[in-house]
1. Hey, can you find the accessible area per residue of the chain for me, probe 1.4 Å, expressed in square angstrom?
2. What is the dipole size for the stretch 145-284, taken about its Cα centre, with +1 at each Lys and Arg Cβ and -1 at each Asp and Glu Cβ, in debye to the nearest 20?
3. Under the 0.36 nm per residue contour assumption, what length would be gained going from the current alpha-carbon distance of K228 and N75 to full extension?
4. Multiply the residue separation of D46 and T198 by 0.36 nm, subtract the distance between their alpha-carbon atoms, and state the gained length in nm to one decimal.
5. Given springs between every Cα pair under 10 Å in a Gaussian network model of the chain, which of K55, K104, K175 has the largest fluctuation?
6. Ordering K172, K286 from largest to smallest accessible area (1.4 angstrom probe), what's the sequence?
7. Among T152, T257, T120, which one shows the highest mean-square fluctuation when the chain is modelled as a Gaussian network with alpha-carbon springs under 10 Å?
8. Which value, in nm² and rounded to one decimal, describes the direction-averaged projected area of the C-alpha convex hull of the chain?
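The values are calculated or read from the model by the stated rules, or taken from the named source; none is laboratory data. Everything numeric here is computed off the predicted structure, so don't read it as measured data. A quick note on method: Cβ atoms are made from the backbone with ideal geometry, for glycine too, and the neighbour counts reach across all protein chains shown. To get the accessible areas, we keep the full protein, side chains included, count just its heavy atoms, and leave off ligands, DNA and RNA. Shrake-Rupley method; radii C 1.70, N 1.55, O 1.52, S 1.80 Å.
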Amino acid sequence: MIRTTKWNLVLALLATTTVILGPTRSVSAQQSVKVFHKTVKVGDLDIFYREAGPKDTPAILLLHGFPTSSQMFRNLIPALADKYRVVAPDYPGYGHSSMPSRDKFAYTFDNLAKVIDEFTEKVGLTKFALYVQDYGAPVGYRLAVQNPERITAIVVQNGNAYVEGLDNDFWKPIKAYWQEPNSKEKRDALRVALTYETTKWQYTHGVKNPELVSPDGAAHDQFLLDRKGNDEIQLDLLLSYGSNPPLYPKWQEYFRTHQPPMLIAWGKNDQIFPGAGAEPYRRDLKTLEFHLLDAGHFALETNGDEIAQLMREFLGKHVTTK
């Protein structure tokens, strides 16, 4: 009888004990988060997005990179959604959003930004913090320059805004294509970037322990890359990436003029956007928290808990709650 009483007491204590993840996050809170998978019309396009968190809390817009989609945020969303409205859309041609043919939609960064700008209006995001990674940076910075008053803060994870970030071997064949945009040879040379081997490499290169990287992310991305016609869409966007460096001075002026609070949480082992691209942000931002993480291109795969904790602390300081 005594043993049973003691065991019941232990069970009761366990049932009422909260296990803390970081300073403010609990297992029970994370498990209670419901992530919704929605679609909204933007013009003729169906834009898919993931959303969680109360609508009356500060918003965070998560902008994905290449060759992935909002699935890259599948673990980050529930880690933030107890205190924030978290919204992660798929661009046209990515994830579960519409993939119109190239003769009906021009796949450029200008057009991706226009779609996401209209998307924010459709889902009622009037003010929001940005999370930008890879392609998310040129999309997000276009939004910020156009409507700086809407941006409450920026989290940068391997997202470039300085020429120093493109001064490496990875970009040489892409820059060669920018110089000769009508060259089939230069275009075809980039098809290696669309293979499963390269997609897996993006997930695992520079990772201290590859066993921490789920193979599901690369498999999901490649399944969608391999859709008929998507290869040409991706090559169009690799060409359009050449429109971004000429805008860097404008983006840097936005940083200097508007001084958005910025958190750098950068995978320093990334060979696409190495740490050299993170350092120049120090020149232009006064309110800057700077972290080079022992991670690769998709730092959320291995350092997601660390990034979530950095974000919660940073946003808690700089983004006003209602």
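1. On the way: 14830 Å² over 322 residues.
That works out to 46 Å² for each residue.
2. Numbers: 16 positive and 19 negative charges, 47 e Å.
Using only the charged Cβ atoms, the result is roughly 220 debye.
3. Numbers: separation 153, 0.36 × 153 = 55.08 nm, distance 2.91 nm.
That pair, K228 and N75, stretches by 52.2 nm at full extension.
4. On the way: separation 152, 0.36 × 152 = 54.72 nm, distance 2.84 nm.
Going from the current span to full extension adds 51.9 nm.
5. For the chain, modelled as a Gaussian network with Cα springs under 10 Å, the answer is K104.
6. On the way: K172 125, K286 175 Å².
Putting K172, K286 in descending order of accessible area: K286, K172.
7. Comparing T152, T257, T120 in a Gaussian network model of the chain, the most mobile one is T257.
8. 18.4
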